[in-house]
Structures are given as C-alpha cells and as structure tokens.
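Every read-out reported here was derived from the displayed coordinates using simple, explicitly stated rules and does not represent laboratory data. These figures come from a predicted structure and were not determined experimentally. In this analysis, Cβ positions are derived from the backbone assuming ideal geometry, glycine residues included, and neighbour counts consider all displayed protein chains.
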Amino acid sequence: MAEKNDNGIEVEGLVRDFKGGVRAVDGIDLRVAPGEIYGFLGPNGAGKSTTSLILTTLLPPTAGSARVAGLDVVHHGPEVRRVIGASLQDSALDPFLTGSEHMRLQSSLHGLAKPQREARGRELLAQVGLTEAAERKVGGYSGGMKRRLDLALALVHRPRLLFLDEPTTGLDPQSRAALWDEVRRLSVDGVTVFLTTQYLEEADALANRVGIIDHGRIVAEGTPAELKAAIGRPSVEAVPHDPGERERLAAVLARFGESAAAASNGVAVRLPRGAGDLAEIVRAIDAESLQVADLRLHSPTLDDVFLAKTGRSLEGAAEDDDADEAAPEPLSA
Amino acid sequence: MSPSLITQVGALAQRSVLKTLRQPFQMFPIIFFPAILLIINASGLHAATLLPGFPTHSYVSFAIAVAFIQGAMFSLINTGTNLAEDIETGFFNRLALTPLRRVSLIAGLLVGVAALGAMQSAVYILLGVVVGAHLDAGLGGALVVIVLGSLTALAFSSFGCVAALRTGSSEAVQGLFPLFFVFIFLSSSNLPRSLLKTPWFHTVATWNPISYLIEGFRSLYIFGWDKTALLRGFGVAIGLLVLGLLAVQWAMRTRLQRT
C-alpha cells in the first residue's frame with residue numbers, strides 16, 4: 001500500500017499491446033524520485049503517450065506493474081487520480097466555456113468546498129497570468145493561454161504528482177519559457193513532474209533526469225549531463241575563408257583531435273580534452289595565417305545521445321514515426 | 001445519493017446546458033426546423049382533415065406532435081456531437097481523470113439534456129399557441145407534454161451518447177441523423193394509422209415505436225386525456241430510455257477503461 005509521503009513513480013516491466021499486434025510499450029522500467037522533474041523523451045509514436053495514459057490510470061497495462069505515489073495504478077485507480085494532476089496531449093478545453101467556468105467545473109468535480117472553489121480558481125488563474133482573460137470564452141484564447149489554463153486546471157486539487165504530455169507543443173518561445181518557469185516553480189514546491197516531450201531543448205532545460213524511449217523501450221536514462229558525457233566530448237568546427245585552404249585547416253585541427261562530421265565546406269574534430277583546447281586552436285590557426293569564415297564549438301546534445309543509441313536522429317525519427325503516433329485509443333485495445 | 005455526487009452531476013449538467021445554449025447553430029434547427037415543417041404541413045395537408053375518420057378539423061393540432069419528436073432527434077444529434085467532440089479534444093479524458101464516478105459522467109450530460117428537452121418542449125407548446133394548435137388537455141396537459149418531451153429527448157440522446165462513445169467522432173454521429181429521421185416518416189406522423197391504407201406502410205407504422213410517441217403527444221392535443229395513448233407514449237419513451245442507458249453502459253466500458 002502507499003507510503004503517505006511517497007510522491008515518486010516506480011515502473012517495472014510495463015507492457016501495453018493493442019489490437020493488431022501493436023506493442024506500444026515494450027517492457028519499460030523506470031523510477032522517478034519525489035520532487036524530481038523526469039523528462040520522458042522520444043519521437044512521435046515511441047510509446048510516450050501510452051505510458052502516460054497508463055500511469056494516469058486511463059489505460060490498463062497488458063503486463064508489468066506501475067506504482068504512482070506508492071499506489072498500484074491497476075488496483076488503486078481512484079486513489080491515484082486523487083493525488084495526480086495531468087495535462088495530457090493538446091489542450092483539453094471546452095471552447096464555449098470561460099476560463100473561470102473551467103476552474104469552477106474542475107473544482108466541483110474534485111470535490112472542493114463551494115467557498116474554496118472561487119478562491120482557488122482566482123489564485124490559479126492569477127498564477128498562470130490569465131486573470132484578465134478569465135471571463136472570456138476559451139475558444140478565443142491563444143495556444144499559449146490554452147496551455148496555461150490547462151496547467152492551472154491540472155493543479156486545482158493541489159496534486160503531489162503532475163503529468164505533462166507535450167505541454168509546449170505549438171507554443172511560441174515566450175509562452176514556452178513562461179510554462180517552463182511554472183514547471184520549475186512547481187518542482188521547487190515539491191511536486192513530482194513527469195514530463196513527456198519530443199523537444200530535446202525542453203528535456204535538457206527542465207528535466208533533472210531524462211529517459212529516452214524508442215519503439216516502446218527505454219534506450220537511455222540519466223541526467224542530461226550524464227547522457228551527453230557518456231557519448232563523447234565536444235567538437236570544434238571551422239570553415240575556411242578561402243575554400244582552397246581547407247586541407248591546411250584540416251591539418252591544423254588534426255593536432256587537437258580526431259576528425260568528426262562537419263558541414264561540406266568545413267572541417268571538424270572531436271576534442272578529447274574538452275572545450276579547454278579552444279583558445280589553443282585559435283592561436284594555432286592564427287599562427288598558420290589561416291583566415292576562417294566561421295568557428296564553432298559543438299557540445300553533445302540529447303539528439304547525439306539518441307543518435308548514438310538508436311542510429312537515428314530524434315528529429316528524423318519524429319518524422320518517420322509520425323504515422324504511428326495515432327496512439328491507439330482505449331477503444332481499440 | 002451523496003452530496004458530492006449531486007454536486008458533480010449538477011456541475012456537468014450545467015456545463016451541458018451552457019454548451020448547447022452557446023452554440024446558435026445547434027439552437028437554430030431545434031426551434032426553426034420543426035416550426036417551418038409544421039407550417040408547411042399544416043397549410044399543405046389541411047385537406048386531410050376532410051378524410052372520413054380523421055380525428056380533428058385542425059391539422060395544426062394534429063401535426064404539432066411531430067415537432068416534439070423532431071426536437072428530440074436534434075437532441076440526439078447535439079448530445080452525441082458534443083460528447084464526441086469531448087472525446088476528440090481530450091475533454092472526456094480530463095473528466096475521467098477527476099474522482100468523478102463512471103455513472104456521473106453520463107448522468108451529468110443527460111440531466112442537462114432533460115432540462116433542455118423540457119425547455120424546447122415549452123417552446124413548441126408556445127409555437128403551437130401562435131400557429132393556432134388547440135391543446136385539449138389544458139394546462140395540466142401542457143405539463144405532461146413537457147415531461148414526455150423531456151423524457152423523449154433523454155431517451156433519444158442516450159442513443160446519441162452510444163454513437164459518440166463507440167465512434168469517438170462527431171462527424172460519424174452527425175451522419176446518423178438521416179438514419180434516425182427516416183423513422184419519423186415511417187410512422188403515423190402525417191396521418192392516423194387507421195387511415196394508412198397501404199398495407200406495408202400501415203405495418204411499418206404499427207411496428208415503429210415513434211408512432212406511439214407521436215400519438216401520445218397528439219392525444220393530449222386532440223382527445224384530452226386518452227389513457228391508452230399516454231401509457232403507450234410513456235411506455236415507449238421509458239423503454240427506449242432503458243435500452244439507451246443499457247447501451248450507454250456497454251459503450252462506456254469500452255471507451256472508458258480507466259482502472
């Protein structure tokens with residue numbers, strides 16, 4: 001049974017099959033510590049949303065077990081729902097209701113006492129910057145406003161765990177940054193956040209730890225720094241001002257590390273001692289009287305991690321797997 | 001029923017009513033389509049009252065019963081469409097993620113439908129007054145018409161919910177409209193069953209439960225208090241509602257698999 005202060009998630013051997021032999025989740029194991037922001041990263045169709053549906057009790061697993069806040073999601077669904085908040089894919093809002101009406105409805109359904117409903121609604125709408133738009137119908141909200149209202153609704157009952165499924169898809173950079181700030185603030189307040197995303201930048205910026213999922217399996221897990229460190233050192237790339245000097249430039253850079261992939265007109269080497277060699281490289285180029293049009297230091301990214309683990313780029317995989325993302329609905333299970 | 005259950009059903013019913021009232025394109029056909037058809041039929045088919053055995057001299061009083069059935073048909077489409085849209089947008093999942101009981105999810109929606117059904121029945125009664133229909137059963141009869149109208153809308157809407165839960169598609173629900181609407185034409189909507197002389201049509205109209213709903217409403221307008229017609233009308237409405245709710249329960253099991 002649940003330990004009262006356990007806000008974590010434990011998943012063992014989780015499997016979910018759909019009709020037609022589709023295995024959306026294929027033996028996932030993961031642990032999320034209380035108060036942690038866990039980034040669940042993967043391309044469309046990788047099994048992220050199906051995992052989220054299972055962990056939020058909306059879909060039973062075919063096999064394996066999952067405990068959320070110490071509660072088994074299969075046997076204690078109603079108890080799990082009381083302690084979690086969720087903002088699932090797309091903004092699930094009614095365009096004909098106002099922001100305030102959404103808050104009142106959600107508060108009522110969560111059993112908040114009548115006097116608390118208005119106050120909690122006002123508090124959360126202010127928190128996500130929607131006070132002025134509170135009495136407007138949601139159909140007229142921008143994408144960012146809808147996402148923020150969606151988040152506010154997920155927080156009505158002060159959940160201990162929050163599931164966010166692609167929370168910033170389609171948002172402009174400003175709205176995305178505002179939502180990230182809010183998620184960080186919630187984490188500081190002790191809320192565990194399970195963040196499903198296909199954006200590398202988002203996982204990198206927000207998550208304490210990241211699990212990378214592909215074809216229903218976790219292919220890598222760790223802090224963003226650990227994952228990036230595990231696949232190698234940064235690389236430096238230089239583009240000669242005169243294309244005829246490319247060979248000379250390559251010879252200079254070769255003193256600092258082994259060759260790496262570069263743009264067609266450039267030269268790149270991986271730096272075994274890290275970015276500390278950059279100043280030395282600049283001096284060496286200058287000493288050879290070479291002029292460069294561009295010089296860049298590339299740190300490994302989570303996309304490099306995905307590439308190393310799956311042989312594909314995450315963004316490329318997202319396009320390849322778009323057709324699969326029609327995450328089979330519960331009905332077809 | 002615990003207070004929290006009442007609160008939850010009340011909140012969902014309020015939302016259901018608001019959602020419909022705020023969509024003019026849903027309200028327009030509910031009011032105007034039956035009104036226009038009534039006016040056309042009343043002026044075009046008035047001569048039918050001269051047929052031997054026709055029960056009244058006022059075709060408007062005879063035909064207004066159909067408006068209540070048409071209104072209930074629109075309730076079916078609107079309720080199904082709204083629920084399907086909730087499924088499509090994920091709002092249904094949002095509701096499923098609350099401590100809401102399974103039964104409350106649909107009960108809230110249907111209580112809202114019942115309220116709207118009562119409102120639209122009241123509008124049709126007023127419409128009847130405007131176009132000269134005579135409600136023989138008087139004020140008490142008007143109340144019975146409202147109750148039967150609400151019950152009929154509720155029964156039909158439960159089938160709209162089934163379609164929405166099974167397909168999860170608002171377009172699919174709207175595509176069902178002609179299928180349901182044809183039942184009105186295959187009933188005693190335009191003539192009393194006793195005057196339907198084509199054998200196959202008479203048989204179909206006799207087996208068509210819509211005939212008994214129409215005759216239930218019609219009896220209050222034409223005959224006053226006809227116990228048999230009312231019992232049959234309410235029996236069909238309640239029977240359809242029970243069938244619809246059983247089907248909703250079945251469809252809900254496959255749509256909502258939450259643990």
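For peptide A:87-99, compute the average count of partner chain beta-carbon atoms within 10 Å of each residue's beta-carbon.
The per-residue average across the peptide is 5.
Which lysines have a Cα less than 17 Å from the Cα of A:Lys137, not counting those fewer than 8 places away in the same chain?
Those lysines meeting the cut-off are A:Lys146, B:Lys19.
Could you line up A:Leu186, B:Leu37, B:Leu109, B:Leu245 from fewest to most neighbouring Cβ atoms inside 10 Å?
By the 10 Å Cβ count, ascending, the order reads B:Leu37, B:Leu245, A:Leu186, B:Leu109.
With a cut-off of at most 12 other beta carbons within 10 Å, and DSSP calling the residue loop, which trypsin sites (Lys or Arg not before Pro) in region B:145-244 qualify? Please list them.
Sites meeting the loop and neighbour criteria: B:Lys197.
Relative contact order (percent) for chain A, with alpha-carbon contacts under 8 angstrom and 6 or more residues of separation?
After rounding, I find 22 percent.
How high is the relative contact order of chain B? Use alpha-carbon pairs under 8 Å, at least six apart in sequence, and give a whole percent.
About 26 percent, as a whole number.
What number, in percent, do you get for the relative contact order of region A:140-206 if the mean sequence gap of Cα pairs under 8 Å and at least 6 apart is divided by its residue count?
Working: 48 pairs, mean separation 26.5, N = 67.
For region A:140-206, the relative contact order is 40 percent.
Each residue of region A:44-51 in order: what ³J(HN,Hα) in whole Hz does its phi give by Karplus 6.51 cos²θ - 1.76 cosθ + 1.60, θ = phi - 60°, with x for Gly and Pro?
4, x, 7, x, 5, 5, 4, 4
Determine the shielding of peptide A:69-78 by partner chains: average, over its residues, the number of Cβ atoms on other chains within 10 angstrom of each Cβ.
Across the residues of A:69-78, the mean count of other-chain Cβ atoms within 10 Å is 1.
Under a straight-distance cross-link criterion of Cα-Cα below 27 Å, which lysines are reachable from B:Lys197, leaving out those fewer than 8 residues away in the same chain?
Straight-line reach from B:Lys197, under 27 Å: B:Lys227.
Which is the longest run of chain A containing none of the trypsin sites (Lys or Arg not before Pro) found in DSSP loop states (not H, G, I, E, B) with at most 13 other C-beta atoms within 10 Å?
Longest site-free region, per DSSP loop and neighbour criteria: A:20-254.
Can you tell me how region B:1-45 classifies by the Cα gyration tensor, rounded, prolate or oblate, using a/c under 1.5 as the rounded cut?
Taking the square roots of the gyration eigenvalues as a ≥ b ≥ c, region B:1-45 is oblate.
Does chain B classify as rounded, prolate or oblate by the C-alpha gyration tensor (a ≥ b ≥ c root eigenvalues; a/c under 1.5 gives rounded; else a/b over b/c gives prolate, otherwise oblate)?
prolate
What size of dipole, in debye to the nearest 20, comes out for the protein assembly as shown about its Cα centre when the only charges are +1 on Lys and Arg C-beta atoms and -1 on Asp and Glu C-beta atoms? Can you show the working numbers first?
On the way: 52 positive and 57 negative charges, 565 e Å.
The calculation lands at about 2720 debye.
Students often forget the sequence filter, so: which aspartates and glutamates lie under 16 Å Cα-Cα from A:Lys228 once same-chain residues fewer than 8 apart are removed?
A:Glu201, A:Glu202, A:Asp204, A:Asp303, A:Asp304
So for A:His241, B:His202, A:His102, fewest C-beta neighbours within 10 Å to most, what's the order?
A:His241, B:His202, A:His102
Please give the length that would be gained between A:Lys19 and A:Ala293 if that part of the chain were fully extended, namely 0.36 nm times their separation in residues minus their C-alpha to C-alpha distance (nm, one decimal).
Working it through step by step, the gained length comes to 93.1 nm.
Between B:Leu45 and A:Thr131, take the C-beta separation as r, use R0 = 45 Å, and let me know the FRET efficiency to the nearest 0.05. Intermediate results must be reported in sequence, preceding the final value.
Details: r = 58 Å, r/R0 = 1.30.
The calculated FRET efficiency here is 0.15.
Which of the GluC sites (Glu not before Pro) found in region A:103-186 are in a DSSP loop and have at most 16 neighbouring Cβ atoms, other than their own, within 10 Å?
In loop regions of region A:103-186 (DSSP not H, G, I, E or B), the sparsely surrounded GluC sites (Glu not before Pro) are A:Glu132, A:Glu135.
Of all DSSP beta bridges located in the protein assembly as shown, what percent are antiparallel, nearest 5? If you can, show how the numbers build up before the last one.
On the way: 33 of 51 bridges.
If I count the DSSP bridges inside the protein assembly as shown, around 65 percent turn out antiparallel.
Label-point separation (nm) for A:Thr223 and B:Thr198, each offset 7 Å from Cα along Cα-to-Cβ?
8.1 nm
Could you list the trypsin sites (Lys or Arg not before Pro) in region B:81-154 that lie in coil according to DSSP, counting only those with at most 16 other Cβ atoms within 10 Å of their Cβ?
Those satisfying the criteria are B:Arg101.
Work from the charge dipole of the protein assembly as shown (Cβ charges, +1 for Lys and Arg, -1 for Asp and Glu, about the Cα centre) and give the residue of A:Phe40, B:Val111, B:Ala164 farthest towards its positive end.
About the Cα centre, the residue reaching furthest to the positive side is B:Val111.
Pick out which of B:Gly239, B:Gly117, B:Gly149 has the largest mean-square fluctuation in a Gaussian network model of chain B, springs linking Cα atoms closer than 10 Å.
B:Gly239
Calculate the FRET efficiency for A:Ala251 and A:Arg184 from the Cβ-Cβ distance with a Förster distance of 51 Å, rounded to the nearest 0.05.
0.65
GNM, chain A, Cα, under 10 Å: largest mean-square fluctuation among A:Leu97, A:Leu125, A:Leu14?
With Cα springs under 10 Å in chain A, the top fluctuation among A:Leu97, A:Leu125, A:Leu14 is at A:Leu97.
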